[in-house]
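**Q** Next up is a structure, given as structure tokens.
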Amino acid sequence: MTKIARNQWYVAAYGREIDRELFARTICDEPILFWRTESGEVTAMSDRCVHRRFPLSQAPSRLAGDTVVCGYHGFTYGSDGGCVAVPGQKRVPRTARLKSYPVVEQDSFVWIWIADPDRPAEPDPTRIPRAPWLDAPGYAVASGMEPLRARYSLLVDNLMDLSHETYLHGGYIGTPEVAETPITTEVDDEAGIVYVSRHIADAECPPFYAESTGLEGRITRWQDIEYHPPCLYLLHSRIAPVGVLPPETGPDSDAFHVEVVYAITPETEHSTHDFWSVARDFALEDEKVTEFLRENNRTVVLQDVVALDRLEQVLATEPEGYQELSINIDAGALAARRILQAMTAGGTLAETR
Ligand code: FES
Ligand SMILES: [Fe+2]
């Protein structure tokens, strides 16, 4: 069994995905309809008509101004999900209302609040973790989303332990030094954040960084992970020639910085939306670098997708109670599992890996 943490904010989409078209996406097992009002606000409501459950994202359902008209028998809903017209009668039943969802547009993402119907909590937009690089001057961004046919905890495991770069992503972002270098792990229980750091003093420069930065020769490579369960994962990556460390004061201008952001959103208990973004603070105007990083990172993400989809099949067919073996490199992933387990309120994530 896997469980999804509720009473949480999740990334539902990039803001650019939602416009004056009906857009559907399943988030945490809930089919949700998104569209932008005429004034540009994103709205989110159930994608099932209250009448006979016809998906409102399905043609010939359509937007008419700031209402959506069901394509089956014409029930019409406003941007708050309330039904404003039904066919054949004047009176609209009071209960004719679609479930609507709180949304916040921030840092290029559309965040959505997925409530726990058994223990509803007030959504607090100030608790949404930030990824300012995705929508700030001074950074150039490449991003995308890949569907994963695997439970979201497998992607969390994958991202918390980057020693896999050496093996799964050799020739792209992996070099031998990543797996060879030990990590430090810290957990801020109060804030619910897991930090994992790996600072490599002298490493081969993988093609991902050699081609984007133009650096030749060996590098110092820092990976500082910050995971805000359940949804947001940040990898602060610092690349510089060997021996070039950040100055005591002032900007770290002799290094290249790449902010890698993943938003990990369950689609169902066994599938995941894998939103990935790569923001850099160099070669800002160079479209070729953006294209290179987009292609290269997408390739790397797809290598993970293949591995995790396969792993999901293995887990799904395995008898209950199989015991994994963990070592030092797993400290971050184990800390993340503990927090996720608490978030699912006595769920079984930790038992089920
Ligand atoms: S199913 Fe939508 S109006 Fe009948
Ligand atoms: Fe990976």
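Taken together, the values in this text are just the output of simple stated rules run on the coordinates, not laboratory data. Everything numeric in this text was worked out from a predicted model, so none of it was measured. Every residue, glycine as well, gets a Cβ built from its backbone with ideal geometry; the counts of neighbours run over all protein chains shown.
**Q** Between Leu302 and Gln323, what length in nm is gained on full extension when 0.36 nm per residue of separation is reduced by their alpha carbon distance? Provide the component values of the computation, followed by the final result.
**A** Numbers: separation 21, 0.36 × 21 = 7.56 nm, distance 2.76 nm.
So the chain would gain 4.8 nm between Leu302 and Gln323.
**Q** Please quote Rg/Rh for the chain to two decimal places, taking the Kirkwood radius as Rh and restricting both calculations to Cα atoms. It would help to have the intermediate numbers written out before the result.
**A** Working: Rg = 22.2 Å, Rh = 21.9 Å.
Using Cα coordinates only, the ratio equals 1.01.
**Q** Once you have all Cα-Cα distances for the range 8-125, histogram them in 5 Å bins from zero and send the whole-percent values.
**A** 2, 12, 23, 24, 19, 13, 6, 2, 0
**Q** When the helix-only estimate is applied to the chain (DSSP H runs of n ≥ 4, each -39,500 (n - 2.57), divided by the residue count), what is the mean residue ellipticity at 222 nm, nearest 500 deg cm²/dmol?
**A** Details: 7 runs with 73 residues, N = 353.
About -6000 deg cm²/dmol.
**Q** Can I ask one more? Suppose R0 equals 22 Å; then what is the FRET efficiency for Glu180 and Leu245 from their Cβ-Cβ distance, rounded to the nearest 0.05?
**A** Taking R0 as 22 Å, the efficiency between Glu180 and Leu245 is 0.65.
**Q** Kindly put Tyr209, Tyr322 in sequence by how many other C-beta atoms sit within 10 Å of each C-beta, fewest to most. Don't skip to the end; give the middle numbers.
**A** Numbers: Tyr209 21, Tyr322 10.
Neighbour counts put them in this order, fewest first: Tyr322, Tyr209.
**Q** Only helices at least 15 Å long along their axis, Cα-based, and averaging -0.5 or more on Kyte-Doolittle count here, so list those DSSP H runs from the chain.
**A** 287-316, 331-343
**Q** Taking neighbour counts of Cβ atoms within 10 Å as a proxy for exposure, in what order, fewest first, do Lys90, Lys99 appear?
**A** Lys90, Lys99
**Q** Any idea how far the Cα center of the range 74-152 sits from the one of the range 278-327, in Å?
**A** 26
**Q** Let me ask something else. Write down the radius of gyration of the range 268-344 and its Dmax, each obtained from C-alpha positions, in Å.
**A** 17.4, 53
**Q** Which whole-number percent gives the relative contact order of the chain, counting Cα pairs below 8 Å spaced six or more residues apart?
**A** 19 percent.
**Q** Suppose every K and R has +1 on its Cβ and every D and E has -1 on its Cβ; what is the size of the dipole of the chain about the Cα centre, in Debye to the nearest 20?
**A** With Lys and Arg at +1 and Asp and Glu at -1, about 2060 debye.
**Q** Dividing the convex hull volume of the alpha carbon atoms of the range 63-123 by its residue count, what do you get in Å³ per residue? Numbers along the way, then the final one.
**A** On the way: hull volume 7.7 nm³, N = 61.
Per residue, the Cα convex hull of the range 63-123 comes to 125 Å³.
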